[in-house]
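To start, the structure under review is shown below, and the notes come after it.
No lab work stands behind these numbers, since they all come straight from the coordinates. Since we're looking at a predicted model, the values are computed, not measured. FYI the Cβ positions are ideal-geometry reconstructions off the backbone, even for glycines, and counts take in every protein chain you see.
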Amino acid sequence: MVSPPPGAAAAAAPARLCVGPGPRPLMGSQGHPGPPGNCGPGEGEGGEARKLQEGRVARGKRRKGKGKGKAGAGQGGRGSGAEGNPGPQKAKEAAGLGAEAGASAGPGEEGEGCGSVEERERRIVRRDAGSAGAGKEARGRGDGKKEEWRVRPGRREDARPGRAQGRGAQAWGCIAGAGAAGEAMAAATEEEAAAREPAGRPAAGPALLRLPEELLLLICSYLDMRALGRLAQVCRWLRRFTSCDLLWRRIARASLNSGFTRLGTDLMANVPVKERVKVSQNWRLGRCREGILLKWRCSQMPWMQLEGDSLYISQANFILAYQFRPDGASLNRRPLGVFAGHDEDVCHFVLANSHIISAGGDGKIGVHKIHSTFTVKYSAHEQEVNCVDCRGGIIVSGSRDRTAKVWPLASGRLGQCLHTIQTEDRVWSIAISPLLSGQLMMHLGSDFPPGAGVLDVMYESPSTLLSCGYDTYVRYWDLRASVRKCVMEWEEPHDSTLYCLQTDGNHLLATGSSYYGVVRLWDRRQRACLHAFPLTSTPLSSPVYCLRFTTKHLYAALSYNLHVLDFQNP
């Protein structure tokens, strides 16, 4: 509570002047704070006091129809008339009359006044809303001043100077108008506060929002991707709720290259499923950005493998290890390691048990420890070793000498051949069954044309595998159905030899062709090719010797370059 000026105490005895929490100090005519103490209508430096007096006059005129006392009180706040400079004596009288008018206004009327207060935190809080009639009357008497906005975290407040409501309401006075800069800062503060506020379930709204979360999860599980995206735009709570991995797993398993296998195994549990579904749409639509990671001065026949954030690639008779940068679309130029040991080019290699198992054109097999300098090489075949695989401590190699051999990985038995398998032709590709039977189980296919060699083969499960080669077909085999005829096949549209293939274990299939570095994407639920990406032009036409992909990038190794297709940032 603040007492009125001493000169007006007698006239304003019935009135009670209240000051809201922490009003701003009075601003003078030059925009500087006015003097502390009594700030009645006649004691400012002219600018703000004149505005307050003129406002009282306008409100007094509007109240003429309600009583002469109110009208007189409104006119008595004019000051000294034409000059617009309120004199001290008349200002005191005006203050007294204004206070009397405020006291006689009764419930719902406005009261004016100001007193000296100790300057506290400068903020304006909107009073709780009163009755509907009082609100209409207050809006009818609005003085045309611009509303001021101040922010408290999680709530927006508006304060209107000179507004009071009911008998116990507060009267606001001596408030300086906020500038455009202040309003902008208030809006920015409001946005930051809203971002920091946790997204709670709305207290009111449709009945859908008041359902238990378990039931709401069941309902939303029937929505498709587009419907879930629209539901996430309703409010922040639904945006958080619809980002749940459980709602997106069904959609992800039906998408291309989302990190789920055909059996539902999640290969990338550390990445939100919703984000993977977003990137999956770029694979489906063929949206990507092409780049070159590495270049070579002379023609190569490179092979590569991915492991974590590292890329291993063969160049001539070396194997180099590079580390990806965080974006996954570029490499650190300095290799992490260089593995040597062959006298001729490295034809093929695999990663197994912290080892690199390499096959060379010199007929030797090399065993390298990834995290040390340990390297062993031994003679394996009479001619070049075209392919090699390793699983469960067993190494299997294939050569142009028409043999496939089995070797142990144990350090004490390296170089000891366990078994030799004679074949009818050169061995170009090899893969170990997850069953690890160690025996020749069957021959696949019976009606291949002459020269239809298989250049790449890979197991998806113990009973299913994929193959591609010279006859321009990708074949899908299911050993439970038939060993003489494949279950499904896809033909290369331009009759090009297929050098390599890769699958996500579910719906996506990628192949590398022999001409113009063409990489093709296939949806295994369709017969036709989904997208084709030619990576070289006519003068530098090259086969795609090897390709690998993650959920965000595809890497293709050609004769002179290592290319990347970025599907995360197309």
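A compact table of results
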item	result
Residue pairs, from the table LYS369/LYS405; LYS278/LYS485; LYS295/LYS369, whose Cα atoms sit over 29 Å apart	LYS278/LYS485
Neighbourhood charge, 15 Å Cβ-Cβ cut-off, centred on HIS342 and excluding it, Lys, Arg +1 and Asp, Glu -1	-3
Percent breakdown of C-alpha pair distances by 10 Å bin, ordered from the shortest bin, for segment 305-457	10, 39, 33, 15, 4
Among ALA431, HIS381, ALA410 - extreme Cα towards positive end, dipole of segment 377-431, charges at beta-carbon	ALA410
Summed residue charge, Cβ within 12 Å of GLY415's Cβ, Lys/Arg positive, Asp/Glu negative	+4
Cα centre as origin, Lys/Arg/Asp/Glu Cβ charges: segment 241-306 dipole, Debye	180
Length-normalised contact order for segment 420-558 - Cα pairs under 8 Å, 6+ apart - percent	14
Dipole of segment 292-380, positive end: most advanced residue of SER310, LEU336, HIS368 [Cβ charges, Cα centre]	LEU336
Local electrostatic count, PHE533, Cβ distance below 10 Å [Lys/Arg +1, Asp/Glu -1]	0
